[in-house]
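Notes follow once the structure below has been shown.
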Amino acid sequence: MAETVPTYTAAAIRAAEAPLLAAGEPLMRRAAAALAGVVRDTLPLPEAGARARILVLAGRGDNGGDALYAAADLTERADVDVLLTAGEGHGDALAAALAAGARQVDLAHMRDSEYDLVIDGIVGIGATGAALRGGAHDAVTTLLPAVLSGRTRVVAVDLPSGVQPDDGSTADGVVLPASVTVTFGGVKAGLTATRAAGRVVFVELGLPLDPATAVGEADVEIYRA
């Protein structure tokens, strides 16, 4: 059931995260556990004896770390490939994913593969809505036909990569439209202004957000483990 919650700018959410991160709160691990839970609920049921196939797109930022730690939690349920869209990523998170059985792949391998689900952890609220570039752009444009045809679903981490977090705009429209967006800590205002977000699931992390700084409202699902 949807619940109405306040929405915030990216700056307000980052400011609320700062004291918790400084205190050593494991926000990334908590976000990743919730992300993995939503992905399990979203995965299509495979044929008898088959395993689902997941591709994790991980950028350098925190969303990439969330996606990689979630990948480690999902290997018992699915065959998981990991593509580092910037050529590098979170060392500890990548190591956890690989130790759990995920495979690191390159763009050429990804082009030759079909996936049931993609986890989009390329960029997050630290981005300004600038166009995706380099490996990120190539990965998204390669996957778009399968996503638009409905063969592959997308779960976006915090918000779809390339979507501006405050107003929902995109620089060039190269975005993977998500079936589900799992957003953390506070609901980003831009999620209410884009169709690319799909169904929004909100994971509360206990951020000290001031309701007086909210910029709107959104109807979202609340994640409860």
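Here, each number is a calculation from the coordinates, and none is a lab measurement. It should be emphasised that the depicted structure is a prediction, and the values quoted were computed from it without experimental measurement. Backbone-built Cβ (ideal geometry, glycine too); neighbour counts: all protein chains shown.
Suppose a student asked you for the relative contact order of the range 141-197, using Cα pairs under 8 Å spaced at least 6 residues apart; what percent would you report? Working shown, then result.
Working: 91 pairs, mean separation 21.9, N = 57.
The normalised contact order for the range 141-197 reaches 38 percent.
What is the sum of charges around Pro208, taking Lys and Arg as +1, Asp and Glu as -1, for the other residues whose C-beta is under 14 Å from the C-beta of Pro208?
Numbers: positive: Arg14; negative: Glu17, Glu25, Glu204, Asp210.
So the surrounding residues net to -3.
Using a Gaussian network model of the chain whose springs link C-alpha atoms within less than 10 Å, name the residue from Ala11, Ala108, Ala127 with the highest mean-square fluctuation.
Of the options given, Ala108 has the highest mean-square fluctuation.
Determine the calculated [θ] at 222 nm for the chain from helices alone, applying -39500 (n - 2.57) to every DSSP H run no shorter than 4 residues and normalising by the residue count; nearest 500 deg cm²/dmol.
Details: 6 runs with 72 residues, N = 225.
Helix-only estimate at 222 nm: -10000 deg cm²/dmol.
Hey, can you grab everything whose amide H is under 5 Å from the amide H of Gln104? Only 5+ residues off in sequence or another chain; H modelled, so Pro and N-termini drop out.
Val82
So how far apart, in nm, are the two label points at Ala99 and Asp219 if each is 7 Å from Cα heading toward Cβ?
Each label point lies 7 Å from its Cα, and together they span 4.4 nm.
Expressed in nm to one decimal, what extension gain is obtained for the pair Met1 and Thr141 from 0.36 nm per residue of sequence separation less their Cα-Cα distance?
47.0 nm
Got a sec? How would Tyr115, Tyr8 order by Cβ neighbour count within 10 Å, fewest to most? Working shown, then result.
Numbers: Tyr115 23, Tyr8 26.
The fewest-first ordering by Cβ neighbours comes to Tyr115, Tyr8.
How big is D, in µm² s⁻¹, for the range 55-170 by Stokes-Einstein at 4 °C and 1.567 mPa s if Rh is the Kirkwood radius over C-alpha pairs?
Numbers: Rh = 14.0 Å.
In µm²/s, the coefficient rounds to 93.
What are the DSSP H helices in the chain that stretch 15 Å or more along their long axis, judged by alpha-carbon atoms, and whose average Kyte-Doolittle hydropathy comes to at least -0.5? Walk me through the intermediate numbers first.
Numbers: long enough: 10-22 (18 Å, 1.16); 27-42 (22 Å, 0.55); 62-74 (18 Å, -0.10); 134-149 (24 Å, 0.87).
Span-like helices in the chain: 10-22, 27-42, 62-74, 134-149.
Mind giving me the FRET efficiency for Ala86 and Ala108? R0 is 25 Å, r the Cβ-Cβ distance, nearest 0.05 is fine.
After rounding, the FRET efficiency stands at 0.90.
Per residue, how much space in cubic angstrom lies within the convex hull of the C-alpha atoms of the range 1-69?
Numbers: hull volume 9.1 nm³, N = 69.
It is 132 Å³ per residue.
Which ordering of Arg111, Arg51 is given by a fewest-first count of other beta-carbon atoms within 10 Å? All intermediate terms of the calculation are to be shown ahead of the outcome.
On the way: Arg111 12, Arg51 15.
Neighbour counts put them in this order, fewest first: Arg111, Arg51.
Let's test the formula: R0 of 22 Å, r as the Cβ-Cβ distance of Leu148 and Arg77. What FRET efficiency results, to the nearest 0.05?
Numbers: r = 26 Å, r/R0 = 1.16.
For R0 = 22 Å, the calculated efficiency reads 0.30.
Could you tell me the relative contact order of the chain? Use alpha-carbon pairs under 8 Å, at least six residues apart, and round to a whole percent. Write out the running numbers ahead of the final one.
Details: 503 pairs, mean separation 57.2, N = 225.
Rounded, it is 25 percent for the chain.
Roughly how compact is the range 125-223, stated as its Cα Rg over 2.2 N^0.38 Å to two decimals? Could you put the intermediate results ahead of the total?
On the way: Rg = 13.7 Å, N = 99, 2.2 N^0.38 = 12.6 Å.
Its radius of gyration relative to the 2.2 N^0.38 Å reference: 1.09.
Can you list which of the trypsin sites (Lys or Arg not before Pro) found in the range 155-225 are DSSP loop residues with at most 16 other C-beta atoms within 10 Å?
Details: sites: Lys188, Arg195, Arg199, Arg224; in loops: Arg224.
Here the sparse-neighbourhood loop sites are Arg224.
Any idea how far the Cα center of the range 175-216 sits from the one of the range 1-26, in Å?
The distance from the Cα centre of the range 175-216 to that of the range 1-26 comes to 10 Å.
Under 14 Å from the Cβ of Thr142, count the other residues' Cβ atoms, weight Lys and Arg +1, Asp and Glu -1, and hand me the total.
On the way: positive: Arg111, Arg151; negative: Asp81, Asp106, Asp112, Glu114, Asp120, Asp138.
Result for the local shell: -4.
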